[in-house]
Amino acid sequence: MEENEPKKMSLRNKLQAFLLLPLLLGTTASLLYTLLSLFTPNTEGIRFIYAFSFVICFAYVPLLGLHNFRKMFVNQHGSLIQKIRRNEEEMKGYGIIVIFLVLVAIFLRGI
């Protein structure tokens with residue numbers, strides 16, 4: 001392998017980036033939404049949360065946040081929890097996404 005050739009993601013990193021991370025974001029947002037809606041969540045809100053969290057992880061992060069994505073999922077090794085601990089700044093951005101998802105789901109509930 002030449003040195004100029006970019007590293008490729010392993011299967012484990014792909015699972016972490018495109019399955020576990022969106023599920024973590026969706027579950028966190030769904031729990032917050034359920035608590036804020038006083039344990040009567042709307043199914044459309046939950047569907048929106050999971051669909052949008054997968055869209056974020058499949059489209060936005062690899063395309064627009066390429067440097068951070070590459071740093072987190074290609075260059076680093078370890079479990080998803082270890083990567084979250086090492087990249088606290090990146091996780092703050094994901095936290096803002098979770099808050100956005102909860103607010104939109106609450107808005108959809110009121111419509």
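The values are calculated or read from the model by the stated rules, or taken from the named source; none is laboratory data. Quick caveat: nothing in here was measured; it's all calculated off a predicted structure. Reconstructed Cβ throughout: ideal geometry from the backbone, glycine too, with neighbour counts over all protein chains shown. Side chains are part of the model used for accessible areas, which takes the heavy atoms of the whole protein and leaves out ligands, DNA and RNA. Shrake-Rupley method; radii C 1.70, N 1.55, O 1.52, S 1.80 Å.
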Go through the stretch 80-96 residue by residue and turn each phi into a ³J(HN,Hα) via Karplus (6.51, -1.76, 1.60, θ = phi - 60°); whole Hz please, and just put x for glycine and proline. 4, 5, 5, 5, 5, 5, 6, 10, 5, 5, 5, 5, 5, x, 5, x, 5
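Figure the gain on full extension for Ile99 and Leu35 (residue separation times 0.36 nm, minus the Cα-Cα span) and round it to one decimal in nm.
Numbers: separation 64, 0.36 × 64 = 23.04 nm, distance 1.30 nm.
Full extension from Ile99 to Leu35 adds 21.7 nm.
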Amide H neighbours of Asn87 at under 5 Å, excluding residues fewer than 5 places away on the same chain, with H built from the backbone geometry, are none
Accessible surface of Leu23 - all protein chains present, 1.4 Å probe, nearest 10 Å²: 70 Å²
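Taking all pairs of distinct Cα atoms, average 1/r, flip it, and tell me the Kirkwood hydrodynamic radius of the stretch 70-111 in Å to one decimal place.
11.9 Å
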Apportionment of accessible area to carbon and sulfur, the chain, percent (1.4 Å): 67 percent
Taking the Cα-to-Cβ direction at Ser79 and at Leu63 and moving 7 Å from each Cα, how far apart do the two end points lie in nm? 3.3 nm
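In Å², what does the accessible area per residue of the stretch 43-111 work out to with a 1.4 Å probe?
I get 63 Å² per residue for the stretch 43-111.
At 0.36 nm per residue, and after removing the present C-alpha to C-alpha distance, how many nm does the segment from Ile46 to Leu19 gain when stretched out fully?
Gain on stretching Ile46 to Leu19: 8.0 nm.
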Work out which trypsin sites (Lys or Arg not before Pro) in the chain are exposed loop sites (DSSP not H, G, I, E or B, at most 10 other Cβ within 10 Å) and give the longest gap free of them. 9-111
Give me a comma-separated list of calculated 3J(HN,Hα) values for the stretch 18-35, in order, Karplus coefficients 6.51, -1.76, 1.60 applied at θ = phi - 60°, integers in Hz, x for any Gly or Pro. 10, 10, 5, 5, x, 5, 5, 5, x, 5, 4, 5, 5, 5, 4, 4, 5, 5
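Based only on the alpha carbon positions, what is the Kirkwood hydrodynamic radius of the chain, in angstrom?
Working: mean 1/r = 0.0670 Å⁻¹.
When all Cα pairs of the chain are included, the Kirkwood radius is 14.9 Å.
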